[in-house]
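**Q** One structure, as structure tokens, below. Some questions next.
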Amino acid sequence: MEDQELQKFQKETFPTIVWGTGLLMTLFFVANFYFPENLASLYLPCGLSIATCIVSYQLHKADRFRLATYVLVGGQTLAVVAFLPSSVEQFATFYAYLFLLVISLAGTLINIRAIAGTTIFAIIATLITAVLTAGHEPVKFYLLFIPLAMTMLMALTTWASSYYLTGMAQWSIQNQQKARRRSDELFESQQQLKKAHQFQETTNIRLQEAYGELAQTHSRLQEAEATTRSLYTKEETRRQVVETLYRSSRALSRSLNLAELLIVVLDYLSGIVPHDRSSLMLEKGGELETLAARGFPNQINPLNVKMPIKEGDVFHKIVETMQPLAIDDAAQLSSWQRVEGVPMARAWVGVPLMRLDRVMGMLSIVRETTEPFTQEEIDLASAFAGEAAVAIENALLYDQIVKFSQDLEEMVQMRTEQLRQANTQLERLNQTKSDFIKITAHELRTPLTAIHGYGQMMMRDSGIKANPMWQMYAESIFSGSERLYEIINTMLDVAKLDGNELKIYPKPFSVAYLLKQIGKKFEPFFAERNLTLDIINLDDLPEINADSDALQKVFYHLLINAIKYTPDGGKITVMGYYPPCSQRAGFTQEGIEIVVYDTGIGIDPEYQELIFDKFYQTGEMALHSSGKTKFKGGGPGLGLAIVKGIVEIHHGQVWAESPKHDEVNFPGSHFHVLLPVQYNPN
């Protein structure tokens, strides 16, 4: 605190010192104005001194007081050093007065450090200036003894006076602080004495009044005791109500059974708002239905009673205002309907059951006395009704969910039974179909064998050969029997696949050789329709361990399918890949891939899985030709089903790819067959 006061004193006096120093230097310069021989040596020191005053003042304004002090003292000292006297006497005169000014300035600042630094710097500057001025002449040094001694004596005197002034300033500041504290203490004591005097006067007045009020105190104490008992009773009642609200909230949140929940609502309502009877009503289809009641006579059953909602009745008003509606005495209302056998309702309040800004019903609370419901009771009933409405809505939603679940479960059971019956019927029909195919195939073989044999005999007969028409008939009978043999064998293969009766006998063989042999069989058909067959990359395929007779049927049906749906002049390519170029899920063995490409009408992506089902054919059956190698020729629709069955028995995969079905632009299709190199029956 003392340092702060001292710094404050120094800062306040600093501008006066600065401007005084500047003014003194200005006057000194003006005083020598009539001595031109002196002005030449005064420009630099006087200018430096005035500039130092300006810089020190700016630093003082920037709140850098210590730096401003050092700049002022150092600058004035440099101004003295910058003076270049023409004679020793002139230097002695100017130096004595100017250094007296500088050291006095440092003492006035009451800054011990500044005085010490200034004194040391002044002595050094004096010696340097003396040497530069007097040279090595002892007489001139003698002339400088007086300013030098005066400087050191003045520095010592200034330091002592500054030290004394600093101590005096600090002692003065301490005394001022002590005096200020003592003054504050005295003022506070006076204020306390004044307050004590006022308190004493007030106490005397109050004592006089106390004797007059003492007589009333006893009666007030009795009234206060009665009021306290009343407040305690009310507080106890309020506490019980709060506990009831808490218990009711927990009870309402635990139950999702609507019938049980409605009883819980009215039971807890009786503990919150005292009343004689109450009922809970919900709005359904423009009517109010009473779902729960309490306090009614035994012979009266208000449950499931429905009342139409009319404009102007109490529930209509509650819906419009969304606020409780209280009636102090219902007996005074002519519009109030009285139920025979039920005591007349006097005080009544209807509390809305609201959920999401919608009134779903109300609580009807009745007192058979004229004691009206207070606003506090109505507020409590409203708060309870809000929780009850949430619980009731949850229970209603739960009932709907339970009913929906029951209906859904019954529907699922019914659908499951229907599906079971349908599956049983489908299995029976499928078995019947398989049995029919077997029986039909076996029954057709006997007459077909005779037809086939007689056809061969007729074609060899010389008399028939001589007649071109009979020759044509014989060839038609023979080719038809061949076609029927092929269809019957196909039907038997499908029946064996359905019954898991097709046996395979794996052995190593070359797929390339098998495909080339099949291609040679189809050469007449390719030549007949101007089709091109290319077999590529098959020689690089390794031998596989599989049933060559079964796989012969696979590639036979694939080539028949390609020929059937490729127009005349088209191209069919069979290409082999090892290892496979396609990757399908579930096929992780070492295998080969055979792809049959055609330039035919293509397959719609929607039907690329269905074409491998039995008896499935694309397009309209009536538009198909009867020849198996004709364009869009007909057939039983079993070839691709046999292909899929045989490939899967070998643990392989088959699928079709095509961008679309187009009988104008012919996008073509690709049939991929993945087969393992080593067949493993397990």
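**Q** Within segment 350-384, how many residues are buried (at least 16 other Cβ atoms within 10 Å of the Cβ), touching a residue at least 40 places away in the same chain (Cβ under 8 Å) and not in a loop (DSSP other than H, G, I, E, B)?
**A** Total satisfying the criteria: 16.
**Q** To continue, here is another question. Kindly indicate whether A395 is closer than 13 Å to P352 by Cβ and buried (at least 16 other Cβ atoms within 10 Å of the Cβ).
**A** Here the answer is no, as A395 does not meet what is asked.
**Q** Go through V73, V80, V55 for me and flag whichever is of a type outside the set (D, E, K, R) and modelled with pLDDT of 80 or more.
**A** Exactly one residue qualifies, and that residue is V55.
**Q** Given the criterion surrounded by 14 or more Cβ atoms within 10 Å (Cβ to Cβ), under 18 Å from G652 (Cβ atoms) and aliphatic (A, V, I, L, M), identify the matching residue among L533, L514.
**A** L514
**Q** Further question: Any residue in segment 656-682 that is in a loop (DSSP other than H, G, I, E, B) sitting within a Cβ distance under 6 Å of a residue that is polar (S, T, N, Q)? List the pairs, counting only those 6 or more apart or interchain.
**A** S658/S669; F666/T599; G668/T599; Y679/N545
**Q** Also: Taking segment 320-345 as the search range and keeping residues that are in contact (Cβ under 8 Å) with a residue 12 or more places away in the chain, within 19 Å of I300 (Cα to Cα) and not aliphatic (A, V, I, L, M), which one is surrounded by the most Cβ atoms within 10 Å (Cβ to Cβ)?
**A** Taking the candidates together, the pick is P343.
**Q** Let me ask another. Give the residue that is modelled with the lowest pLDDT, with candidates limited to residues of segment 553-590 that are surrounded by fewer than 21 Cβ atoms within 10 Å (Cβ to Cβ) and basic (K, R).
**A** Filtering segment 553-590 for residues that are surrounded by fewer than 21 Cβ atoms within 10 Å (Cβ to Cβ) and basic (K, R), the one modelled with the lowest pLDDT comes out as R584.
**Q** Kindly check whether there is at least one residue in segment 273-285 that is β-branched (V, I, T), surrounded by 20 or more Cβ atoms within 10 Å (Cβ to Cβ) and within 24 Å of E368 (Cβ to Cβ).
**A** Yes - at least one qualifying residue is present in segment 273-285.
**Q** Which pairs turn up if I take residues in segment 274-295 that are in a strand (DSSP E or B) and look for partners that are among the aromatic types (F, W, Y) with beta carbon separation below 8 Å, at least 6 apart in sequence or on another chain?
**A** R277/F296; S279/F296; M281/F315; E283/F315; L288/F315
**Q** While we're on this one: Take segment 315-374 and flag every residue that is on the phi > 0 side of the Ramachandran plot and of a type in the set (A, V, I, L, M, F, W, C).
**A** Listed by number, the residues that qualify are M322, L356.
**Q** Can you tell me which residues in segment 584-606 are in contact (Cβ under 8 Å) with a residue 40 or more places away in the chain and outside any loop (DSSP other than H, G, I, E, B)? Talk me through it step by step, then tell me what you get.
**A** So the first thing to find is which residues in segment 584-606 are in contact (Cβ under 8 Å) with a residue 40 or more places away in the chain, and the list is 584, 586-587, 589-605.
Selection gives G591, I592, E593, I594, V595, V596, Y597, D598, P605.
The values are calculated or read from the model by the stated rules, or taken from the named source; none is laboratory data. Treat the numbers as computed from the prediction; the structure is a model and nothing was measured. FYI the Cβ positions are ideal-geometry reconstructions off the backbone, even for glycines, and counts take in every protein chain you see.
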